[in-house]
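Chemist: The structure under discussion is supplied below as structure tokens; questions concerning it will follow.
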Amino acid sequence: MEIATNFIPLNALDVTYLLVVGFIGGLVSGFIGSGGAFVLTPAMMSIGVPGIIAVASNICHKFPKALVGAIKRAKYGQVDVKLGLVLGVSAEAGVIYGAHIQEDIHRRFGDAGSNLYVSLAFVIILGIIGCYILWDAMKTRDSADDKEEKVARLARWVQSIHIPGTMMYFKCLNARVSVLFTLPLGFATGMLAATIAVGGFIGVPAMHYVLGAPALMASASELVVAFVMGLGGTMKFAWSGLVDIRLAMIILAGSLFGIQLGAIGTTYVKPHMIKMVMGVIMVLVLVSRAIVVPVYLSELGLIDTLAPHLPGALKNISFVVLIAALASGAAIVFSALWRGISLQRREAALAGAPAAAFAPDVVATPAAAQLSPVGRFERFLLASDGSEYSAGAVREAVRMASKCGARLHAVDIVAGGDTELDAMGEQFLARELDAARAHLDQVQRQAAAAGVACRSEATQANQVYQEIVSQAEKTQADLIIMGRRGRHGLARLMVGPSTVRVIGHAPCNVLVVPRAAELVGRRFVVAADGSRYSDTAALTAACLAKLCNTPVTVVSVTLPVHSDERKREAHQIVNRLVSFLKQEGVEVEGKIPHGRADEMIVQTANEKNADLIIMGSRGRTGLERVLLGSTSERVIDQTRCAVLIVK
Amino acid sequence: MTKTSLDLAGKQVTRAALFGLVSVALYFLLYLFEDSILEFTSQGGWYFIAPVAVAFLFSFIHGNFTAHFWEVLGIKAKK
């Protein structure tokens, strides 16, 4: 058979390469529901497999992989089988039509024509959709609202259209949608799948942006679509004898390891991560394929013949970019998986551990506490938004209140100004408040189980931080306890999260608890710079260390550029505080590291396995904070342990 | 570790090993009869069933192996 001459011989290196690429492709597919295949088609082409054989073999490995992935993710409740099947059936028609076009091009223009067609499809589709998804992922990430994904305006319009006799209910949309919308979306998905073996680059965004499915469910349901059309596509290509079963099964061997891991990864991440991985990989592969387009154009005689060394060089560059795409996607997924699993293990260990003794076993009498720089420990204000970022704050607030006999006032504040309210509508606000009340009920149950008196309040405010500060003043709180969002860098400065603003405006001390932090009194780190603020922090540390019988490390950081006089001053600061803490009967040591203050404080806390950093607050807010930055803010940003900001 | 969890871990290891062995055997056969299998599955026409059947068989065996493999290593979904 003539076409059989296109089946290339495989050596050990090719097989290893395909196994690795298959694994990473599977990892990506399991994570974003699609997209593994778009890496695999060019990967096969890069070792000399003709475009059409690469596409056919890819589809043949794709449907069993999608089946395994769909079953896995259905176990996590992420799959809408009905939506997947409805889209899959119409996608089947698209696959048949797309495969017909592929074969026609191959017959007329040969391998070069087929390769050019596939590469151009990659460039155009990935260029448009990839850039949009990446932009949307960045926007969603910066909005920091991970609680619930907002349905796109287009999707809201699609869901509002009622065409009698064509309406169908889908559970992942929680709405009825006309099949007249799903048909063209499915067809386009199938056509793309038959062209570049990745229908999901239309399917997932279509389900998410056009129909309104959550990103996680869209990516999971796409696996059902991929199975249906992959099976159909395989039949079609196999009918023409184009499937290289060796290639398909070798890739499948690696990809089934990857898809299981990718599917597990989705249970640990926020929806914007799905889009981020998809967008990053799409854009990089687009660049990879765009680089070799001139080679195929030259082979077809559509442009001047390239210099003899140029085709090889372009293919090599394309290959490097492809590897970068693979590495980037896999790195993001691995990183998300690693962080998620580590966090869960820490939290599980905390939940299983006996109640730890951050707070003293013997409750300080109010009379004694009145004289303490810690202030009274009678009223705690817990600010929680119900997200996982607040989990540590809730846990530690209940634990501390139980130990100190303090009363807890829990607040969950729904953000939204008048303009936003108009846009969101009353129903949306009511739903948000209901969710907040449900969360606070849970906190109250948790507090009741620990024997803590707890009141709660769900409210709405234009500025969350103002409301927290106002609640602290109203309830005369001795301590505000809150979580920390996992954001770093420029976005943090620009957005100005509530935690930082609360610290700037709070009338009392603020305890910031990252979600996996544990307050068990292993060691406290006190940051000192010789100011009255750090002296207050040292007084607080002395009081807490005595109550908890916890050793303390005093840190004063110097920069290499500092003068000898400044360095001597740092020694004096540390010696003064160490003497003071020793007099108070606290086990203490001093440390004067060189480097950036925030980095050295966090590094010391890590080295000493400390569970609390105590710092003074200079109370910077607004423009001054943005321009000058704040050491305490950067420490909160970087550290894994809790931070007590003393006012 | 309780007795029940030890039993469960033991079962997972046994299943992973069993599916792993069958999976290796399948791939070894594919390697051994590479040319014949390739020729048979690429004949076209009604022989399209051959690659589809091979793919289903491999996905069942190898899919089960990979699922148990990660579980044995302790990599599980967030509950």
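The values are calculated or read from the model by the stated rules, or taken from the named source; none is laboratory data. Note that the structure is a prediction, hence the values are computed from the model and not measured. Positions of Cβ are generated from backbone atoms using ideal geometry, with glycine treated the same way; all protein chains shown enter the neighbour counts.
Chemist: Could you identify the single residue in A:Val374, A:Val411, A:Val362 that is at pLDDT 75 or above and either away from chain B (no Cβ under 14 Å) or crowded, with 16+ Cβ neighbours inside 10 Å (or both)?
Modeler: Of A:Val374, A:Val411, A:Val362, the one residue that is at pLDDT 75 or above and either away from chain B (no Cβ under 14 Å) or crowded, with 16+ Cβ neighbours inside 10 Å (or both) is A:Val411.
Chemist: I've got another one for you. Examine the stretch A:501-520 for a residue that is surrounded by fewer than 20 Cβ atoms within 10 Å (Cβ to Cβ), within 19 Å of A:Ser632 (Cβ to Cβ) and modelled with pLDDT under 80, and state whether such a residue exists.
Modeler: Yes.
Chemist: Can you tell me which residues in the stretch A:39-54 are within 14 Å of chain B (Cβ to nearest Cβ) and modelled with pLDDT under 85?
Modeler: A:Val49, A:Pro50, A:Ile52
Chemist: Looking only at the stretch A:129-139, decide whether some residue is in a helix (DSSP H, G or I), closer than 18 Å to A:Ser288 by Cα and out of contact with any Phe, Trp or Tyr (no Cβ under 9 Å at 6 or more places or on another chain).
Modeler: yes
Chemist: From B:Phe40, B:Phe65, B:Phe58, grab the single residue that is at the interface with chain A (Cβ under 7 Å from one of its Cβ atoms), part of a helix (DSSP H, G or I) and either exposed (fewer than 13 other Cβ atoms within 10 Å of the Cβ) or among the aromatic types (Phe, Trp, Tyr) (or both).
Modeler: B:Phe58
Chemist: OK, next. Give the residues of the stretch A:175-195 that are of a type in the set (A, V, I, L, M) and over 15 Å from A:Ile128 (Cα atoms), sorted by residue number.
Modeler: Hits for the stretch A:175-195 are A:Ala175, A:Val177, A:Val179, A:Leu180, A:Leu183, A:Leu185, A:Met191, A:Ala193, A:Ala194.
Chemist: Can you tell me which residue among A:Ala290, A:Ala313, A:Ala263, A:Ala238 is within 30 Å of B:Tyr47 (Cβ to Cβ) and either touching a residue at least 12 places away in the same chain (Cβ under 8 Å) or of a type outside the set (Ser, Thr, Tyr) (or both)?
Modeler: A:Ala238
Chemist: Tally time: how many residues in the stretch A:245-281 are under 13 Å from B:Ala55 (Cβ atoms) and within 7 Å of chain B (Cβ to nearest Cβ)?
Modeler: Selection size over the stretch A:245-281: 7.
Chemist: Based on what the data block shows, is A:Gly241 of a type outside the set (A, V, I, L, M, F, W, C), modelled with pLDDT of 85 or more and outside any helix (DSSP H, G or I)?
Modeler: Here the answer is yes, as A:Gly241 does meet what is asked.
Chemist: If we scan the stretch A:308-327, do we find a residue that is more than 14 Å from chain B (Cβ to nearest Cβ), under 30 Å from A:Ala516 (Cβ atoms) and aliphatic (A, V, I, L, M)?
Modeler: yes
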